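Chemist: Pasting a structure here, questions to come.
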Amino acid sequence: MLTHPVEEGSPLNRFRALWNEIAPIGRDGRSGGYLRYALTEPELELRSWFRAQADRRDMPVTDDGNGNLFAWWGDPTAGDAVLTGSHFDSVPHGGAYDGPLGIVSAFLAVDELRAAGVAPVRPLAVAAFVEEEGARFGVPCLGSRLLTGALDVDRAAGLRDVNGVSFAEALGDRPAGARPELLGRFAAFAELHVEQGRALVERDAPVAVASAIWPHGRWRFDFTGEGNHAGTTRMADRRDPMLTYAFTVLAANKEARLRGAHATVGRVAVEPNATNAIPAKVTGWLDARAAEPETLAGLVGAVRDKAAERARRDGTAVTLTEESATPLVAFDGGLADRLATLLDAPVLPTGAGHDAGVLAGHLPTAMLFVRNPTGVSHSPAESATDEDCAAGVTALARVLEELTCR
């Protein structure tokens, strides 16, 4: 029994009511995008909202010590539980739906199941994972990687944001790291997410089931040269790392296109970052993705070699550091087929990483995608209609009933 009844009305109206509660939080007035970095004020407000929603539904909340929250319907210690949910944090000026849609939909799916009189035979937990985007501390899926033991605790604790604040300081404690006893309580995970592409527009379908996540990762290129005066240093005497960096960006674009892969350099730092100074150091971050691991390895290797060759010509130096890497994730085929049949939904791969991809190595995992009319993500242009979001809630409710009651 809910302590406070949820909004009455159609599924569409219930979605609109709950979605509108979080829509203003962290929105930038100029770009229209969101600044919901992990463990900053907007994301902390959303975490408080999460606890309040759980409390309304008499769902006790636990924290795994890594910043991941779990709201439980049923006994948290019983085992064989079904997990759902997503994340609140955003990329800089990101869209509204990436992450929060999965959490809002999870609570609404619980409401639908309760309203229908469904009595699960195993517990259900709604999760809010911390730092999925990696926009603050640099490592994506930080919370789920810690939970599963995929990330070293010392490394995670020492990760720092642009202001020098460490993850441990933001968390308020040293992260707990791997929690095998908690992970072992879950029998399956289903994450609902806005689609990050236009495949569902082309298929004229509101919801899809995921088949796989492309292998992907982030690599840091550090280019060093000789800082000097922009007005007095002859062109022939320069050792300018910006030239090596610029060539590398173009090389990454070319090599990705040749391989049918994706390469993006969307972040750069320059020292001393002065208009009238030749840089002494340029750091650029490469995001690379491909359908097959061999293609990804070939792409990164080619970009590395071309950067090194150009550095020799420019009189600069370059080092490459892998900051994160995620292998090909093929979701549980039997589960994906079962859910696609249940929902009469298409099955699609994705090039985007998710906490579901991390958890897939430890328990049967599935993803649902909700149609995105623009196909744009990580941008204020990211969108989904309320009608499709309500359809996603109903689809998630059917999936959770299938997993908790069968």
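Chemist: Give the number of residues within segment 231-270 that are open to solvent by 40 Å² or more (accessible area, probe 1.4 Å), part of a loop (DSSP other than H, G, I, E, B) and of a type outside the set (D, E, K, R).
Modeler: 3
Chemist: I would also like to ask the following. Tell me, which strands (runs of 3 or more DSSP E) wholly within segment 29-139 include 1 or more residues that are within 23 Å of residue 352 (Cβ to Cβ) and in contact with a Gly (Cβ under 7 Å, 6 or more places away or on another chain)?
Modeler: Numbers: elements: 61-63, 69-73, 81-87, 124-129.
It comes to 81-87, 124-129.
Chemist: Among the residues of segment 202-211, are any part of a strand (DSSP E or B), closer than 20 Å to residue 351 by Cβ, modelled with pLDDT under 95 and within 29 Å of the chain's Cα centre (by Cα)? Explain how you work it out, then say what you get.
Modeler: To start, the set of residues in segment 202-211 that are part of a strand (DSSP E or B) comprises 207-211.
Among the residues that remain, those that are also closer than 20 Å to residue 351 by Cβ are: 207-211.
Next, only the ones that are modelled with pLDDT under 95 stay: 210-211.
Keeping just the survivors that are within 29 Å of the chain's Cα centre (by Cα) gives 210-211.
Yes, there is a match, as at least one residue in segment 202-211 is part of a strand (DSSP E or B), closer than 20 Å to residue 351 by Cβ, modelled with pLDDT under 95 and within 29 Å of the chain's Cα centre (by Cα).
Chemist: When the residues of segment 342-355 are narrowed to those that are closer than 17 Å to residue 202 by Cα and open to solvent by 40 Å² or more (accessible area, probe 1.4 Å), which ends up modelled with the lowest pLDDT? Even if it seems obvious, please write down each step before you answer.
Modeler: Here is the first cut: in segment 342-355, the residues closer than 17 Å to residue 202 by Cα are 344-350.
Then drop every residue that is not open to solvent by 40 Å² or more (accessible area, probe 1.4 Å), which leaves 344, 347, 349.
Numbers: 344: 96, 347: 94, 349: 85.
Taking the candidates together, the pick is 349.
Chemist: Let me ask you something else. When you go through (1) open to solvent by 30 Å² or more (accessible area, probe 1.4 Å); (2) part of a helix (DSSP H, G or I); (3) closer than 16 Å to residue 390 by Cα one by one for residue 9, which number turns out not to apply?
Modeler: Of everything listed in (1) open to solvent by 30 Å² or more (accessible area, probe 1.4 Å); (2) part of a helix (DSSP H, G or I); (3) closer than 16 Å to residue 390 by Cα, residue 9 misses just condition (2).
Chemist: Quick one: count up the residues across segment 381-397 that are surrounded by fewer than 17 Cβ atoms within 10 Å (Cβ to Cβ) and in contact (Cβ under 8 Å) with a residue 24 or more places away in the chain. Quick ask: steps written out before the conclusion?
Modeler: Keep residues of segment 381-397 that are surrounded by fewer than 17 Cβ atoms within 10 Å (Cβ to Cβ), which gives 381, 385-387.
Those still in the list that are in contact (Cβ under 8 Å) with a residue 24 or more places away in the chain too: 381, 386-387.
Selection size over segment 381-397: 3.
Chemist: Next up: What residue, of 67, 117, 32, is surrounded by 16 or more Cβ atoms within 10 Å (Cβ to Cβ) and either modelled with pLDDT of 95 or more or among the hydrophobic types (A, V, I, L, M, F, W, C) (or both)? It would help to see each step written out before you state the result.
Modeler: Numbers: 117 fails: surrounded by 16 or more Cβ atoms within 10 Å (Cβ to Cβ); 32 fails: surrounded by 16 or more Cβ atoms within 10 Å (Cβ to Cβ).
Going through 67, 117, 32 in turn, the sole match is 67.
Chemist: Further, regarding this structure: Go over the candidates 339, 368, 363 one by one and state the one that is under 16 Å from residue 201 (Cα atoms) and either crowded, with 17+ Cβ neighbours inside 10 Å or at pLDDT 90 or above (or both).
Modeler: Result of the check over 339, 368, 363: 368.
Chemist: Out of segment 295-313, which residues are under 14 Å from residue 242 (Cα atoms), touching a helix residue (DSSP H, G or I) at 6+ places or on another chain (Cβ under 6 Å) and open to solvent by 20 Å² or more (accessible area, probe 1.4 Å)? Spell out how you get there, then give the answer.
Modeler: If we filter segment 295-313 for residues that are under 14 Å from residue 242 (Cα atoms), which is where we start, we get 307-308, 310-313.
When the remaining residues are screened for being touching a helix residue (DSSP H, G or I) at 6+ places or on another chain (Cβ under 6 Å), the result is 307, 310-311.
Matches in segment 295-313: 310 only.
Chemist: Is it the case that residue 182 is over 17 Å from the mean Cα position of the chain (by Cα), of a type in the set (A, V, I, L, M), under 22 Å from residue 70 (Cα atoms) and outside any loop (DSSP other than H, G, I, E, B)?
Modeler: Working: over 17 Å from the mean Cα position of the chain (by Cα): yes; of a type in the set (A, V, I, L, M): yes; under 22 Å from residue 70 (Cα atoms): yes; outside any loop (DSSP other than H, G, I, E, B): yes.
Yes; evaluated as a whole, the condition is true for this residue.
Chemist: Test residue 292 against the criterion of being open to solvent by 70 Å² or more (accessible area, probe 1.4 Å) and over 30 Å from residue 229 (Cα atoms), and give yes or no. Steps first, please.
Modeler: Details: open to solvent by 70 Å² or more (accessible area, probe 1.4 Å): yes; over 30 Å from residue 229 (Cα atoms): yes.
So residue 292 passes the test.
Chemist: Restrict the check to segment 132-143 and report whether at least one residue is out of contact with any Pro (no Cβ under 8 Å at 6 or more places or on another chain) and surrounded by fewer than 18 Cβ atoms within 10 Å (Cβ to Cβ).
Modeler: No, segment 132-143 contains no residue that is out of contact with any Pro (no Cβ under 8 Å at 6 or more places or on another chain) and surrounded by fewer than 18 Cβ atoms within 10 Å (Cβ to Cβ).
Chemist: Something else about it: For segment 145-175: of the residues being touching a residue at least 60 places away in the same chain (Cβ under 8 Å) and outside any helix (DSSP H, G or I), which is least open to solvent (accessible area, probe 1.4 Å)?
Modeler: 175
The values are calculated or read from the model by the stated rules, or taken from the named source; none is laboratory data. Just so it is clear, the structure is predicted and the values come from calculations on it, not from any experiment. Cβ: placed from backbone, ideal geometry, glycine included. Neighbour counts: every protein chain shown. Remember, those area values only see protein heavy atoms, side chains included, never the ligands or the DNA or RNA. Shrake-Rupley method; radii C 1.70, N 1.55, O 1.52, S 1.80 Å.
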